[in-house]
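Single-structure report; data block below.
The numbers here are math on the coordinates, done by the rules we state, and not lab data. Note that the structure is predicted; figures quoted are calculated from it, not measured. Cβ atoms come from the backbone with ideal geometry, glycine included; neighbour counts cover every protein chain shown.
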């Protein structure tokens, strides 16, 4: 027994030592100037070490259901990450370096890495690149004076014909949506009854909540942004205020930002990882993930700006893999308009994200709504995909309060809500992201925007302002 143990240890040591290494010149392109400058200036940096081996998920389209797609993607990603990270983890363990492993992007996160460690990692042939994991500040909402208690259908819900869809008995029931943000006040009267982790008597946050900021075991929202954005998807207190497009859909949530809007790429990726295959509190994402508990749509009312150190490539593969798993990834376009080419922040810049601009009560584009085209990755791509109400939109705030606010952060949840209505009306479309995206585009009300180019779609409204009734009717026809 002792001899076998010694041989195993020797084999492990050899495995660690024989990893091919590159010269410093060959390895230098793996790190950015920003990372090198930070290391030289401060001596340490939080980093993401991305490995070369990445999964080919093209076969995911061959599966007909979301569960099948999700299971295939989860198993493929975790298998590759566990195998390809083995030697790198052994190297870090030998050096007593603390790290956090991820599979959605095959990467390892390290806090406080010094220059020597970064250069040693860059010389490893199994490492593709090393990126900063900076704290990124999001522009949170400007909260406006609250309107009186609601007595009729809110203007933003009426203009997209959500009330006409409800009249058909379609309210989002049986569909799970997700919000990644500053958290959620799950006990808010408008949100508590549709939280998947609450059965009316007791709460069970396993598989329904993940805190990528502090690891807290219960949903909370010290910032308010997550509560109001999710409230536009599902909010309804049953008495005086219905703010949600799909008010009977169930929701789960993940906290990826601090109260003041600071997030990191690792936190954003961690929430995507949780949604793709939810796991219990304190669970191992590699082993305990359950794709059958994944939401059908995720609302993402945040951005990760390049000018604060977040590379355009950092989240690209993560968003693509969430979509490959059959989950619709809805993203706010940003609030940097009216200039053209102002959609310049991940995840809104990715073709795998369904990007949403903001309109006002007059059905006109909001001045602040970011415009296309998106000029990354060697392409000039028309964006946003569609637009939705985002000016003076009412929603819940922590503590059973309500407020009105403006921003594309409020526009994106309208689209997530309409998607939930589609999935209830046509359950066979769950997981068929490509079809649902096309339905949302084709049924939008044409609102020509000529300031930034494009015919239809254009770089102001995209394909137009969303129409819930037209989208649901088209989905019903498509399913037959």
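Counted over the range 320-366 with a bin width of 5 Å, the fraction of Cα pairs per bin, in whole percents, is 5, 21, 24, 20, 15, 9, 5, 1.
Taken over the range 19-133, the ratio of Cα radius of gyration to 2.2 N^0.38 Å equals 1.19. Take every Cα pair under 8 Å whose residues are at least 6 apart in sequence, average their separation, divide by the length of the range 404-480, and the relative contact order is 30 percent.
Quick one: work out Rg over Rh on the C-alpha atoms of the range 170-313, Rh as Kirkwood radius. Don't skip to the end; give the middle numbers.
Numbers: Rg = 14.6 Å, Rh = 15.2 Å.
Rounded to two decimals, Rg over Rh is 0.96.
Can you put 78, 355, 243, 65 in order, fewest other beta carbons within 10 Å first?
On the way: 78 20, 355 31, 243 27, 65 14.
Ordered by Cβ neighbours within 10 Å, fewest first: 65, 78, 243, 355.
At a threshold of 8 angstrom on Cα-Cα distance, excluding pairs fewer than six apart, so keeping six or more, what relative contact order does the chain reach in percent? In percent, rounded to a whole number, it is 17. The angle separating the long axis of helix 2-17 from the principal Cα axis of greatest extent in the chain is about 70 degrees. To the nearest ten degrees, helix 33-42 and the longest principal axis of the Cα atoms of the chain are 70 degrees apart.
Mind ranking 157-170, 40-53, 287-300 by how tightly packed they are, going by the mean number of other C-beta atoms within 10 angstrom, highest first?
Details: 157-170: 19.5, 40-53: 17.0, 287-300: 22.6.
Ranked from most to least packed, the peptides come out as 287-300, 157-170, 40-53.
Calculated from the alpha-carbon coordinates, the range 234-329 shows an Rg and a Dmax of 15.1, 45 Å respectively. For the chain, the longest principal axis of the C-alpha atoms and the axis of helix 468-479 are separated by about 70°. Working from Cα pairs under 8 Å separated by at least six residues, relative contact order for the range 19-133 is 51 percent. Placing dummy labels 7 Å off each Cα toward the beta-carbon, the span from residue 94 to residue 450 is 6.7 nm.
Which shape class, rounded, prolate or oblate, goes with the range 379-439 when its Cα gyration tensor gives a ≥ b ≥ c as root eigenvalues, a/c under 1.5 marks rounded, and past that a/b bigger than b/c marks prolate? Provide the component values of the computation, followed by the final result.
On the way: a/c = 3.34, a/b = 1.41, b/c = 2.38.
Oblate.
Note on the chain: helix-only mean residue ellipticity at 222 nm, from DSSP H runs of 4+ residues weighted -39500 (n - 2.57) and normalised by residue number, equals -9500 deg cm²/dmol.
Computed on the Cα trace of the chain, the radius of gyration divided by the Kirkwood hydrodynamic radius gives Rg/Rh = 0.99.
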